[in-house]
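Participant: Following this message is one structure expressed as structure tokens.
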């Protein structure tokens with residue numbers, strides 16, 4: 001018998017193989033943001049990749065929508081411990097944006113409207129692992145979930161999937177972003193439970 | 001350094017509303033925390049199954065004692081157990097403190113606006129209590145939205161305000177006798193007076209259900225507040 005929480009039974013255990021450690025499944029789509037929701041118009045939206053040499057590559061909304069689009073259905077895992085299964089997205093794989101980008105950088109800082117930033121290794125954005133997502137469940141992505149477009153990197157905790165994304169900066173060093181500067185793990189693999197510094 | 005799981009013994013619980021409780025725990029080795037931070041609570045069933053949820057700390061650091069606010073969610077896996085079943089003297093595990101963004105530090109001197117919806121008042125109460133304990137003269141303005149008078153958390157403490165805490169209650173479904181505001185959701189008129197008393201760099205803390213926080217943050221930026229001064233925490 002457990003020495004903690006006597007009488008606690010909990011729910012069905014059937015999801016064990018799909019649920020990273022310490023997570024619980026939800027049917028809802030909770031919203032986590034550090035501040036107010038920015039309102040970003042697709043009329044003025046741009047997405048810019050800036051390389052370590054300062055070279056820039058930019059796309060307007062129309063140019064982004066003209067790139068090859070992909071549907072993906074994936075599980076997402078928030079560091080606040082909810083996981084949501086089979087979330088349906090539509091967007092552009094990052095590989096399409098990086099086709100003509102020359103870089104020797106290993107890391108990326110993601111910049112968002114509203115000042116949010118997050119950091120991750122460049123290799124985690126490539127090879128079909130990440131998207132600029134603009135559609136959720138068949139509808140334009142709503143502002144509170146990061147619309148008009150957010151980064152989608154579902155194999156990492158969801159704070160890495162920056163809402164209201166406006167650009168990527170390529171860097172040689174891994175530079176801590178917003179949450180990474182105040183205690184969140186620099187990489188954030190949910191299967192290794194990398195929530196906080198030292199995990 | 002890795003944040004450790006620690007044993008936490010339930011010392012007592014007090015009803016705040018018909019469905020909400022304050023829980024006091026003793027956590028040997030607790031490292032202390034800042035007002036606004038939260039903890040993860042881990043429960044373990046007899047077969048080893050574990051469930052973890054986050055709860056806000058309702059009081060400032062006090063040695064190895066912490067207070068959590070728990071709103072019992074019908075059908076919830078963890079909150080009904082914590083609210084009503086965990087026996088006094090029994091243990092759970094906690095990990096924290098967590099969240100280094102939604103915090104107020106008692107050295108801060110600017111006026112502060114706190115906007116709470118329902119159980120979102122819990123981390124803001126930690127700030128109010130820290131403000132009182134530090135005898136801070138930073139003016140605190142709390143705007144607290146609840147559905148009915150029975151759903152006010154910390155009622156006694158919020159009535160006994162002291163000179164630098166100003167409290168406005170806002171009722172969305174049912175108001176107490178004598179309350180002059182018509183029942184209804186948070187609107188711009190509810191925020192104008194408090195927003196006008198802030199300084200340009202004043203911190204604003206908004207906590208509550210997602211729809212409430214979205215509305216409040218939109219209204220505040222609409223009133224001209226710098227979005228960078230508004231910190232939000234959403235439940236669900």
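Participant: What Kirkwood radius, in Å to one decimal, follows from the Cα pairs of chain B?
Facilitator: Working: mean 1/r = 0.0545 Å⁻¹.
Final number for the Kirkwood radius of chain B is 18.4 Å.
Participant: Could you pull the Rg and Dmax for region A:1-108, using just the Cα atoms, both in Å?
Facilitator: Taking only Cα atoms of region A:1-108, I get Rg and Dmax of 20.4, 61 Å.
Participant: Hey, could you pull the Cα Rg and Dmax for region B:129-190, both in Å?
Facilitator: Using the Cα atoms of region B:129-190, the pair Rg, Dmax is 12.8, 36 Å.
Participant: Using helices alone, what [θ] at 222 nm do you get for chain B, with -39,500 (n - 2.57) per DSSP H run of 4 or more residues, divided over all residues and rounded to the nearest 500? Don't skip to the answer; put the middle values down first.
Facilitator: On the way: 4 runs with 40 residues, N = 236.
Dividing the helical sum by the residues of chain B leaves -5000 deg cm²/dmol.
Participant: How high is the FRET efficiency between residue B:183 and residue B:107 when r is their beta carbon distance and R₀ equals 41 Å, given to the nearest 0.05? Display every interim value, and only then the final one.
Facilitator: Working: r = 39 Å, r/R0 = 0.95.
The calculated FRET efficiency here is 0.60.
Participant: What FRET efficiency comes out for residue A:86 versus residue A:60 if R0 is 25 angstrom and r is the Cβ-Cβ distance? Round to the nearest 0.05.
Facilitator: Working: r = 32 Å, r/R0 = 1.26.
Between residue A:86 and residue A:60 the formula returns 0.20.
Participant: Thinking of the protein assembly as shown as a set of Cα atoms, what percent of all their pairs are more than 28 Å apart? Let's see the in-between values first.
Facilitator: Details: 49363 of 94395 pairs.
Percentage above 28 Å: 52.
Participant: Hey, got the average number of other protein chain Cβ atoms within 10 angstrom for residues in B:90-98?
Facilitator: The mean count of partner-chain Cβ atoms within 10 Å per residue comes to 3.
Participant: Follow-up question, since we're still on this one. For B:160, A:199, what's the fewest-to-most ordering of other Cβ within 10 Å of each Cβ? Walk me through the numbers on the way to the answer.
Facilitator: On the way: B:160 9, A:199 14.
Starting with the residue having the fewest Cβ neighbours, the order is B:160, A:199.
Participant: Can you list, largest first and rounded to whole Å, the semi-axes you get for chain A by taking the square root of 5 times each eigenvalue of its Cα gyration tensor?
Facilitator: 31, 19, 15
Participant: On to the next question. If I model region B:112-235 as equal point scatterers sitting on the Cα atoms and use the Debye formula, what is log10 I(q)/I(0) at q = 0.09, 0.17 Å⁻¹?
Facilitator: Once normalised to I(0) and log-transformed, intensities are -0.22, -0.84.
Participant: Expressed as a whole percent, how much of the Cα-Cα distance distribution for region A:99-146 exceeds 14 Å? List each step's numbers first, then the result.
Facilitator: Details: 741 of 1128 pairs.
Value for region A:99-146: 66 percent of Cα pairs lie more than 14 Å apart.
Participant: What length, rounded to one decimal in nm, is gained on full extension from residue B:201 through to residue B:14, with 0.36 nm per residue of separation minus their alpha-carbon distance?
Facilitator: On the way: separation 187, 0.36 × 187 = 67.32 nm, distance 3.67 nm.
Gain on extension, residue B:201 to residue B:14, equals 63.7 nm.
Participant: When Cβ neighbours within 10 Å are restricted to other protein chains, what is their mean count per residue of peptide B:71-77?
Facilitator: Working: counts 0, 0, 0, 0, 1, 1, 6.
Mean partner-chain Cβ count within 10 Å for B:71-77: 1.
Participant: In region B:5-98, if every C-alpha pair distance is counted and binned at 5 Å from zero, what percent goes to each bin?
Facilitator: Here the calculated profile for region B:5-98 is 3, 14, 26, 29, 18, 8, 2, 0.
Participant: A follow-up question, please. Give the average, rounded to an integer, of partner chain Cβ atoms located within 10 angstrom of each Cβ in B:45-56.
Facilitator: On the way: counts 11, 8, 5, 2, 8, 7, 9, 5, 4, 4, 0, 0.
Neighbouring Cβ atoms belonging to other protein chains average 5 per residue here.
Participant: In percent, what relative contact order does chain B have, based on Cα pairs under 8 Å that are 6 or more apart in sequence?
Facilitator: Details: 506 pairs, mean separation 44.4, N = 236.
This gives 19 percent for chain B.
Participant: Now a separate question. How long are the semi-axes of the equivalent ellipsoid of region A:21-79, defined as square roots of 5 times the Cα gyration tensor eigenvalues? Whole Å, largest first.
Facilitator: Working: eigenvalues 177, 54, 49 Å².
Three semi-axes, in Å: 30, 16, 16.
Participant: As I understand it, the value is the acute angle between the Cα axis of helix B:121-133 and the longest principal axis of the Cα atoms of chain B; what does it come to in degrees, rounded to 10?
Facilitator: 80 degrees
Participant: Determine the gain in length on full extension of the stretch residue B:77-residue B:26; use 0.36 nm per residue of separation and subtract their C-alpha separation, reporting nm with one decimal.
Facilitator: Values: separation 51, 0.36 × 51 = 18.36 nm, distance 2.32 nm.
So the chain would gain 16.0 nm between residue B:77 and residue B:26.
Participant: When only Cα pairs under 8 Å and 6 or more residues apart are kept, what is the percent relative contact order across chain A? Write down the numbers at each step before the final one.
Facilitator: On the way: 394 pairs, mean separation 45.5, N = 199.
Over chain A, the number comes to 23 percent.
Participant: So how do A:163, B:193, A:84 line up by other beta-carbon neighbours within 10 Å, fewest first? Could you put the intermediate results ahead of the total?
Facilitator: Details: A:163 25, B:193 12, A:84 18.
Ordered by Cβ neighbours within 10 Å, fewest first: B:193, A:84, A:163.
Participant: Determine, for each peptide in B:52-62, A:70-80, A:44-54, the mean count of other beta carbons within 10 angstrom over its residues, then list the peptides with the highest first. Could the numbers behind the result be given before it?
Facilitator: Details: B:52-62: 21.5, A:70-80: 17.3, A:44-54: 14.7.
Descending mean neighbour count gives B:52-62, A:70-80, A:44-54.
Participant: In nm, give the distance between the simple-model label positions of residue A:104 and residue A:46, each being 7 Å from the Cα along the Cα-to-Cβ direction.
Facilitator: A separation of 2.8 nm, rounded to one decimal place.
Values in this text are rule-based calculations from the coordinates and carry no lab data. Everything quoted here is computed from the prediction, not taken from an experiment. Don't worry about glycine lacking a Cβ; one is built from the backbone with ideal geometry, like all the others, and counts go over all protein chains shown.
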